[in-house]
Amino acid sequence: MATSGTFTFNPEFAELMTEAYSRLQIRGAQIQQEHIDEALRSASLMLVDFGNRGVHQYQLTQVDIVLDPGQGVPQTYNLPAGTIDVWHAVLRRDGSDTPLWPMARQSYEDIPNKDETGRPYNYTTNRNVNGVATRTVTLWPVPDRADTLRLWVWRFAEDQNGIEQNVGIAKEWFDAYAAALTARLGRKYPSGSASYQELLAD
């Protein structure tokens, strides 16, 4: 028998939500608007939790920023929405890349001559912004040329805002997503068929 020859399985949230509720013995016809609202909220919190558990390849995004030597001090640039942190950074000058090294905010604050110019070799990220506001990266020394800052940033998965959307994770995570959503919903809708700990271990 021939195999499908395709690799296109990419379920919408509605399908993974239905799978999670089915594992709790709540069938499709029983799912009401309250179930959907609870599942969307649980899924969004679950994606934040996934992001906090470490760097996953599907969360990495490459970003190029052209530096502005005339910006002044500090040389601070916005990171893409949803950024958790900078994973890796290089400075591209005349086609060659030079690594940039992270430094703690206190180390940056301790620099007496923050207006020194030259080729940047350090950066610090501002992760103390509440909510969804943009996080930033600050360079030192102050760039002396309009080089390119090339970053790999580690981002949260996108919010789950509707049941008709796909989920913002890689295919390898679909089953883990369904299992984790089942465990979270099992706290709210215990089915009696399995304990929360059993669902969590699935």
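Of all the residues in segment 34-70, those that are of a type outside the set (D, E, K, R), farther than 21 Å from PHE13 by Cα and touching a residue at least 40 places away in the same chain (Cβ under 8 Å) number 9. Within segment 95-134, the set of residues being in contact with a Gly (Cβ under 9 Å, 6 or more places away or on another chain) and either closer than 23 Å to HIS56 by Cβ or aliphatic (A, V, I, L, M) (or both) comprises VAL132 only.
Conditions (1) at pLDDT 90 or above; (2) outside any strand (DSSP E or B), marked per residue:
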position: VAL90; (1), (2): yes, no
position: LEU139; (1), (2): yes, no
position: ALA157; (1), (2): no, yes
position: GLY162; (1), (2): yes, yes
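Tell me which residues, restricted to segment 55-80, are assigned to a strand (DSSP E or B) and open to solvent by less than 70 Å² (accessible area, probe 1.4 Å).
Initial filter on segment 55-80 (assigned to a strand (DSSP E or B)): 60-66, 75-78.
The answer is LEU60, THR61, VAL63, ILE65, GLN75, THR76, TYR77.
If only residues of segment 1-54 that are under 23 Å from the mean Cα position of the chain (by Cα) and of a type in the set (Lys, Arg) are counted, the one that is least open to solvent (accessible area, probe 1.4 Å) is ARG41. Listed by first and then second residue, the pairs linking a residue in segment 1-20 that is of a type in the set (Asp, Glu) to a residue that is open to solvent by 80 Å² or more (accessible area, probe 1.4 Å), with Cβ atoms under 6 Å apart and 6 or more places separating them unless they lie on different chains, are GLU12/GLU164.
Residues checked against (1) at positive phi; (2) modelled with pLDDT under 90; (3) assigned to a loop (DSSP other than H, G, I, E, B):
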residue: PRO112; (1), (2), (3): no, no, yes
residue: ALA146; (1), (2), (3): no, no, yes
residue: VAL153; (1), (2), (3): no, no, no
residue: ASP175; (1), (2), (3): no, no, no
residue: ARG184; (1), (2), (3): no, no, no
residue: PRO190; (1), (2), (3): no, yes, yes
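Please tell me if THR83 is surrounded by fewer than 16 Cβ atoms within 10 Å (Cβ to Cβ), out of contact with any helix residue (DSSP H, G or I) (no Cβ under 7 Å at 6 or more places or on another chain) and of a type in the set (S, T, N, Q).
Numbers: surrounded by fewer than 16 Cβ atoms within 10 Å (Cβ to Cβ): no; out of contact with any helix residue (DSSP H, G or I) (no Cβ under 7 Å at 6 or more places or on another chain): yes; of a type in the set (S, T, N, Q): yes.
No; evaluated as a whole, the condition is false for this residue.
Being touching a residue at least 40 places away in the same chain (Cβ under 8 Å) and open to solvent by less than 50 Å² (accessible area, probe 1.4 Å) is the requirement here; does THR98 meet it? No.
The values are calculated or read from the model by the stated rules, or taken from the named source; none is laboratory data. This structure is a prediction, so every number in the text was calculated from the model and none was measured. Glycine also receives a Cβ, built like all others from the backbone with ideal geometry; neighbour counts cover every protein chain displayed. Just so you know, the surface numbers come from the protein's heavy atoms only, side chains and all, with ligands and any DNA or RNA stripped out. Shrake-Rupley method; radii C 1.70, N 1.55, O 1.52, S 1.80 Å.
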